[in-house]
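Below is one structure, written out as C-alpha cells; the observations come after it.
The values are calculated or read from the model by the stated rules, or taken from the named source; none is laboratory data. What you see is a predicted model; the values in this text were computed from it and never measured. All Cβ positions, glycine included, derive from the backbone under ideal geometry; neighbour counts span all protein chains shown.
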Amino acid sequence: MFYREAGQFKTSYNKDQAVFPIIQDRWFIAAVIIGAYAVVPFAADEYWLQAVIIPFLILALAAIGLNLLTGYAGQVSLGTGAFMAVGAYACYKMTTNIPDLNVVVAFLISGVMAAAVGIVFGLPSLRIKGFYLAVATLAAQFFILWLFNKVGWFYNDNPSGTITAPPRELFGITITGPQATAEARYFVSLTFLVVGAIVAKNLVRGRIGRSWMAIRDMDIAAEIIGIRPLQTKLMAFAISSFYCGVAGALYIFVWLGSAETEAFDLLQVSFPILFMIIIGGLGSIMGSIMGAAFITLMPIFLTNFPPMIGIHLATDLQKHLEEIIFGGMIVAFLIVEPHGLARLWQIAKEKLRLWPFPY
Amino acid sequence: MEFLNAVFVAPFLDIADSPVFFAEVVIGGLMSGVMYSLVALGFVLIFKASGVFNYAQGAMVLFAALTLVGAMEKGAPLWLALLIALGVMVALAFAVERFMLRKLINQEGIILFMATIGLNFVLEGAGQIAFGSDVKRLDVGLPDNSFEVGGILFNTFDLSAAFIGAAMVTTLALFFQFTPMGRALRAVADDHQAALSVGIPLKTIWVVVWSVAGAVALVAGIMWGAKAGVQFSLVLIALKALPVLILGGFTSVPGAIVGGLIIGVGEKVAEVYWGPTFGGAIEGWFAYMLALAFLLFRPQGLFGEKIIERV
Amino acid sequence: MKFRTLFLGLLGAVVAVTGVMSMKAAYAAEQFIPMLVYRTGPYAPSGIPVANGFRDYYTLVNKRDGGINGVKITFEECETKYNTKQGVECYEKLKNKGPTGASLVNPYSTGITYQLIPKSEVDGVPILSMGYGRTSAADGRVFKWVFNFPATYWSQASAFVKYVSRQEGGWDKLKGKKILHLYHNSAYGKEANATLTALAKRYGIKLTLLAVDHPGQEQKAQWLQIRRKKPDWIFMSGWGVMNSVAIKEAASINFPMDHFVGNWWSGSDADVIPAGAGAKGYKSATFHGAGTGWGVHNDIVQNVYGGDKAKAMENKMGEVLYNRGMVNAMFGVEAIRTAMGKYGNKPMTGAQVRWGLENLNVTKAHLKALGMEGFTQPVKVSCADHETGGSVMFQQWDGSKWSFSSKWLPPLRDIVRPMIESDAAMYAKENKITPRKC
C-alpha cells in the first residue's frame, strides 16, 4: 500500500522515460539525498564520518566505476586499485607542481589521466575474455604500482617515497590536508558520489549503456547488429577508470591524507571493490552503493558490536570469529539472493506494493 | 642509447659470456616454476570440475599446512599427521559441497567465485583460531643440502620438490584423461545441468574433486611451508599461481605445469638480466605481462580448451 | 519467508548498532593509551610479541608501582591486521577515549604512521614511532608532534657501515668492499638506500641495491644474482616472510652467515626459526637486548604472571620483538612521567605528553632503577632532535638465542642529519609548514 503505482499515468514520452518513473522512488531518493546533506553531518560524530562514512562514500564511487565496466559491459577487472592509484598520483603531481590549480579541477583531470591509462590496459579485452581478462588486468595492477614505487618522479623524489595531500581550499573552506574538518571532507565526497551516481545512471540508460549491455550479453551478436566492440569496450574501460581515478584522488586527498603505493594494494582495494559490486548486484548503480555499504560497514559493525553488548574477547580471537562470520554471511547471502542487494531491494519494493494485504 | 644497449645488447652478451650462470638461472627458474605449478594445480582441478575459480585455494594451502603442523606439534608422527591433514581436507570438501556448492548449482561463474571468497574468510579465521597466527617451523625430513655440478648449484630440496610436482601432475593428467571419473569431471565442467541429466552424480564428483584439490593444497603447503615456515603469508602464494593459470589455461592439468615452467624461467631470466636496468623487482608484473603476451595469441591459454562462440 | 527473515535481521542489526554506538562510558582518573596491534594476518608473527610486550609492561607499571605516579594506565587493543584502512578506523575509535583522550599513539606500521603524521597536530595526539615510520620526522622543527628516537633507518644504515669497518679493521679497509642491500620493494625498504649510497661514495664501497617484490616468498632471482656478485657483506631491510626466506636462501647458497646483517625489523625470532640450523650466525641490528636476563623481566614474571615463568615464556617474553614492545612502552610511560613532573600527577592530555616526549631524559640511573641497565641506551630528546642519534647494537643468532655481538655503535650523524633536514624542509615547503625555532 506504500508503494502503489496505480493511478500514476504517464502522458508523455519524457515522463515515461524518467530516471525514476514512480513517484515514491523520486521522493525516496530525494529524501535520502537531503538527509545525507542536512542530517548526517550533524548527527554523526567525527569517528563516524572519518572512519566509516567517508571511506564508504569514496569506495562507493569506485564501485560504481567498476560496476560500469564489469556489471554493464561485462569486462571483469582486478585492476581497480591501480587505476585509483593513477588518479591519486596524478592529483598529487598536479597539486604540488601547480599550486594554484583548483583542487576539484585537479580531481577531474586525475580522472582523465586514469581514463587514458585504462584505455591502454583495456586493449587486451578485445581478445581476452572472462576470468582470463580478470587475471590479465592484474598485469596493470602490479605494473602500475611497481612503477609508482620505483620512479621517483611520481612522488617528487622525496626520500620517504610517499605522497601527502597538501592543504587546498574550495570556496574558502579547506577540504584537503590535515586542517580540513571531517564535515568538509564529507560534503566533498558526498557531492562527488551523488553527481557520479546520477551521471552513471543516465549513462547506462542511454545509447552507450545499451551498447555496453549488448556487448556483455554476447559480444559476437552485438557486433553483428552494428555495435563496434573496439570503441564500446574501450569506452567502458575509459569511463570506468575515470570514476576509479577520481575515487583514488579522493581516497588520498580527502580521506587518508598521506600514503604509499601499498594503500592501493590488490588485496586491500581491488578485490574488496569487486566484492562490493558482486554483493551489491552486478549491473546496478544502486547496488554498487549498497554493496559498498555492506563491505565497509559490516566488518566495523562486527568489531564494535560484541564489546557494546558486554562480550569482551581477546583481540585476535574476536578478529578471527569476525572473519568466519563475515565469510559465512557472504555465502549465506549468495545462496539466498545470488543477484545481490539490488535484487533484494527490488523484491522489497514488490512486497511493499501489496503489504499489508498480500493475496 | 645506453638504455637501448642495456635492454637489447648487454643482456645477450652477458648470457653468451657466462653460459654456465645462464644455465643456473634457467634451472633455478624451472625449480621455482614447479613450485608455482603445485599451487596452480589446485585451481585447475576445481575450475575444471565445477567451473569455480576458487579464490580460497591459498587459504586451503594454509589450512592444510596448519593442520599438518598442528598435528605434529601435538606429537603425532609424520605419517599420522599427513593422514589427519588429508582427512581434514576431505571433510572440508564434504562441507563445501553440502553447504555451498549444492545450493549454488548452475549459478554464474562470478557468483561461485564470490562464494569461494566467503569460504576464504572462513578458512582464514578458523585456521588461525585453531592453530594460532604464529610462524611454525615445518620439517618433513626432506634433505636440504646444496652441491655443485659443473659450477651450477643444486639444492636437494628443490630437486625433491620438482620430482614430487612432476609425479603429481603426471598422475592427475592420466587420471583426468583416461578414467571414467575423469571424463565425468570434464562433463560437469562444461555444464552442470547437462551433466546431471545424463546421469553423472554431481555431488560425488564435487566431493572427489575438492578432496583432490585439498590434497594438492596439502602438498603445496608442505613444500612452501618448509621453505618459509608455516604462517599466514602462505595465503599469498595464490597470487604467484595466477599468471601460471592464465598462461597454461584454466582447464588444463599439463598446462599448469608447462605454464609454471615458462613463468618460472621467464621471470627469473628477466629479473636477473633485465631487472637491474629497470631498477629491480620486476618479476611480479613481468610474469603477468608474459602471460598476457601469450594470451594475445591464444586467448584460452596454451592448453585451454578452445572457446567456440556461436550466436 | 527467507526474504523476510533476512530483512528483519538486517533491520535489527542496524537498529542495534546505532543504539549501542551512541553510548558513552564514564571514566575514572586514568591515563588512556591506545594500542594498535596486529595479532592476525600475514604479519602476526611479528605483531603478537610486540603487542604482548606493550601489554605486559603497562600491566607491570600498574601492578608494581600502582600506575604512573599513582595514575593508573588503561589501554585498549584494536586489531589493525597491519592494514592502513583498519588502522585509521582504530585510531579514530580510540583517540577520544579516556578522560584526556589518547595520550600518545604507537602505530607500529609504516602505512599507518604516514597516515597519522599530518593528523597528529590537529588531533593533539603525539606519535611515537620508535625506529620506524618517517625518518625525517627526526627534525623536530618541522615535525613537532612526531618522535622516532632512539634511532632512524638512516642512522641505522650508517651504523651498519661503521660496524663493517670495525669488522674489516678500519675505515680505509672499506675501499673496494662489495656491500649489497637486499630490500623490501616498498617505501620502508628503500629508506636505507640514500644513506648507503652516500656512504658508499665517501668510503669507496661498491654498493649494489637489490629489490625483493612484496611479499617476498620467492627470491630465487635475487639469490642467483647474489651468488654471482659474491658480495662481502649483505644488509637486509626485510619484513615478514621475506626475512625467513632470505635467511633460508642464504644458507642454501652457503653464504657466510656472519656477513649477512638484517636491520632491526629483520632480526626477530620469527625470522630465524623457520630457517632452522641454517640461520646460525645470522646478525641483525637492534637497539635493545634480547632474552630475559634483565631485572625488568623478573618483575614481569613476578607481578604480571604471578611467578609463573613458563607462562611468561609462552607469551613470548624475551623474544626480540617482545622486548621492543616493552622498551617502547617504557619510553611512553617515562614521557608521561616527565610530563607529570611539569603539569602535576593527573591524567595527561596529548599536548602535555608531547611536551614530556620532547623533554624526555632517560638516564643510566633511570634505566637501572627500571631494571633495564645495559638493556637499552639512555635517551635525551630535544626540541630540534626527535631522534637523539642513539647507538645501534648488532646481535647474532647462535641457533637458539640472540646475543650481543658488538659494542654500542653511534651512527654517523654528520652524514645523516643534513639529509634529514633537507627532507624535512621539502615536506615543510610542500605542506606550507613554517618550521619552529628551537
*Pairs where the first residue, in the range B:284-308, is at pLDDT 80 or above and among the basic types (Lys, Arg) and the second is in a loop (DSSP other than H, G, I, E, B) and surrounded by fewer than 23 Cβ atoms within 10 Å (Cβ to Cβ), C-beta under 6 Å, 6+ apart*: none
*Report yes if A:Gln268 is at the interface with another protein chain (Cβ under 9 Å from one of its Cβ atoms) and either under 30 Å from A:Val86 (Cβ atoms) or within 15 Å of the chain's Cα centre (by Cα) (or both), otherwise no.*
yes
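Okay, residues lined up against (1) at pLDDT 90 or above; (2) part of a helix (DSSP H, G or I); (3) not hydroxyl-bearing (Ser, Thr, Tyr):
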site: A:Glu169; (1), (2), (3): no, no, yes
site: A:Ile175; (1), (2), (3): no, no, yes
site: A:Gln179; (1), (2), (3): no, no, yes
site: A:Glu183; (1), (2), (3): no, yes, yes
site: A:Leu190; (1), (2), (3): yes, yes, yes
site: A:Val195; (1), (2), (3): yes, yes, yes
site: A:Ile198; (1), (2), (3): yes, yes, yes
site: A:Gly209; (1), (2), (3): yes, yes, yes
site: A:Trp212; (1), (2), (3): yes, yes, yes
*Before we move on, is B:Ala166 away from chain A (no Cβ under 14 Å), small (Gly, Ala, Ser), more than 27 Å from A:Ile273 (Cβ to Cβ) and in contact (Cβ under 8 Å) with a residue 60 or more places away in the chain?*
yes
*Among C:Ile33, C:Ile73, which is the only one that is more than 14 Å from chain B (Cβ to nearest Cβ), of a type in the set (A, V, I, L, M), in contact with a Ser or Thr (Cβ under 6 Å, 6 or more places away or on another chain) and within 27 Å of C:Glu319 (Cα to Cα)?*
C:Ile33
*asked:* Among the residues in the range A:103-118, are any touching a strand residue (DSSP E or B) at 6+ places or on another chain (Cβ under 7 Å), in contact (Cβ under 8 Å) with a residue 12 or more places away in the chain and either in the same structural domain as A:Leu145 (by TED's automatic domain parsing) or under 30 Å from A:Thr137 (Cα atoms) (or both)?
replied: yes
*Only one of these conditions is not met by C:Lys280: (1) within 30 Å of C:Ile253 (Cβ to Cβ); (2) crowded, with 19+ Cβ neighbours inside 10 Å. Which number is it?*
(2)
*Listed residues B:Leu174, B:Leu153, B:Leu196, B:Leu159; which is more than 30 Å from C:Lys81 (Cβ to Cβ), surrounded by fewer than 18 Cβ atoms within 10 Å (Cβ to Cβ) and either touching a strand residue (DSSP E or B) at 6+ places or on another chain (Cβ under 7 Å) or within 14 Å of another protein chain (Cβ to nearest Cβ) (or both)?*
B:Leu159
*Would you list the helices (runs of 4 or more DSSP H) that sit entirely within the range C:131-244 and hold 1 or more residues that are acidic (Asp, Glu), away from chain B (no Cβ under 14 Å) and on the phi < 0 side of the Ramachandran plot?*
C:153-168, C:187-203
_Members of the range B:208-234 that are farther than 14 Å from B:Met168 by Cβ and either away from chain C (no Cβ under 13 Å) or basic (Lys, Arg) (or both)_ = B:Val208, B:Val209, B:Trp210, B:Ser211, B:Lys227
_Members of the range C:283-300 found to be surrounded by fewer than 19 Cβ atoms within 10 Å (Cβ to Cβ) and in a loop (DSSP other than H, G, I, E, B), listed by number_ = C:Gly291, C:Gly293
*Evaluate the range C:340-348: report whether one residue or more is polar (S, T, N, Q), closer than 29 Å to C:Ala29 by Cα and in contact with a helix residue (DSSP H, G or I) (Cβ under 7 Å, 6 or more places away or on another chain).*
no
*For the range C:250-260, indicate whether the set of residues that are within 24 Å of B:Gly141 (Cβ to Cβ), within 10 Å of another protein chain (Cβ to nearest Cβ) and assigned to a helix (DSSP H, G or I) is non-empty.*
yes
*Can you tell me which of A:Gly291, A:Gly328, A:Gly281 is modelled with pLDDT under 90, within 30 Å of B:Glu97 (Cβ to Cβ) and not aliphatic (A, V, I, L, M)?*
A:Gly281
*Take the residues of the range A:147-195 that are among the β-branched types (Val, Ile, Thr) and touching a residue at least 12 places away in the same chain (Cβ under 8 Å): which is farthest from the other protein chains (Cβ to nearest Cβ)?*
A:Val194
*Looking at the range A:228-260, which of its residues are touching a strand residue (DSSP E or B) at 6+ places or on another chain (Cβ under 9 Å) and either within 12 Å of chain C (Cβ to nearest Cβ) or farther than 13 Å from A:Leu59 by Cβ (or both)?*
A:Tyr251, A:Ile252, A:Phe253, A:Gly257, A:Ser258, A:Ala259, A:Glu260
*Within the range B:258-277, is even one residue without any contact (Cβ under 8 Å) to a residue 24 or more places away in the chain, crowded, with 24+ Cβ neighbours inside 10 Å and not aliphatic (A, V, I, L, M)?*
yes
*asked:* Within the range A:307-318, does at least one residue satisfy the condition of being free of Cβ contacts under 8 Å to residues at least 40 places away in the same chain, closer than 18 Å to C:Lys93 by Cα, assigned to a loop (DSSP other than H, G, I, E, B) and within 14 Å of chain B (Cβ to nearest Cβ)?
replied: yes
_Could you check the range A:134-147 and list, in sequence order, the residues that are surrounded by fewer than 23 Cβ atoms within 10 Å (Cβ to Cβ) and at pLDDT 85 or above?_
A:Phe143, A:Leu147
*Count of the range A:118-133 residues which are closer than 16 Å to A:Leu68 by Cα and within 8 Å of chain B (Cβ to nearest Cβ)*: 1
*Residues being closer than 30 Å to A:Asp219 by Cα, part of a loop (DSSP other than H, G, I, E, B) and not hydrophobic (A, V, I, L, M, F, W, C): count how many of those fall in the range A:75-99.*
3
*Could you list all residues from the range B:278-303 that are buried (at least 20 other Cβ atoms within 10 Å of the Cβ), more than 8 Å from every other protein chain (Cβ to nearest Cβ) and in a loop (DSSP other than H, G, I, E, B)?*
B:Phe303
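Give A:Gly283, A:Gly287, A:Gly291 a once-over and let me know the one that is touching a Lys or Arg at 6+ places or on another chain (Cβ under 9 Å), in contact (Cβ under 8 Å) with a residue 60 or more places away in the chain, in a helix (DSSP H, G or I) and surrounded by 17 or more Cβ atoms within 10 Å (Cβ to Cβ).
A:Gly287
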*asked:* Of the residues C:Tyr82, C:Tyr27, only one is hydroxyl-bearing (Ser, Thr, Tyr) and either crowded, with 24+ Cβ neighbours inside 10 Å or at pLDDT 85 or above (or both); which?
replied: C:Tyr82
*Residues that are more than 9 Å from chain A (Cβ to nearest Cβ) and touching a His at 6+ places or on another chain (Cβ under 8 Å), drawn from the range B:84-133*: B:Ile105, B:Asn106
*Considering only residues that are touching a Phe, Trp or Tyr at 6+ places or on another chain (Cβ under 8 Å), farther than 28 Å from A:Ile208 by Cβ and modelled with pLDDT of 85 or more, look in the range A:21-49 and name the one that is surrounded by the fewest Cβ atoms within 10 Å (Cβ to Cβ).*
A:Tyr37
